[in-house]
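The structure appears right after this line, and notes come after that.
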Amino acid sequence: MKASPFVYIAITTFILFFVTILSALNYSFSWVFYLTVLGQFFVLIMVYKVLRDKYTTNKTFEHFYEDAPIRVDEITKEKFRSS
């Protein structure tokens, strides 16, 4: 089974969020330092996994956002309003 890149995103976010909490609570510098280095390593892994993911879609920039699709008549109205 192929691991989703979202797992790497969640792990990286958790580690770096945990580093922020530890540094705010004045934990030992060595713990904060090593977790920061680990977090940077996971950022590299996360970026690699996201960029190498075999995700494909039929959407193009003409589809704009899926949650708020843009229609052609809205574009023409905005052109007339701005001029």
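Taken together, the values in this text are just the output of simple stated rules run on the coordinates, not laboratory data. Quick caveat, the model's predicted, so the values are computed rather than measured. Using ideal geometry, Cβ is built from the backbone for each residue, glycine included, and neighbour counts are taken over all protein chains shown.
A few points about this structure:
- Förster-model FRET efficiency, 25 Å R0, residue 24 and residue 4, C-beta, rounded to 0.05: 0.25
- Qualifying chymotrypsin sites (Phe, Trp or Tyr not before Pro) in the stretch 1-47, DSSP loop, other Cβ atoms within 10 Å at most 13: 27
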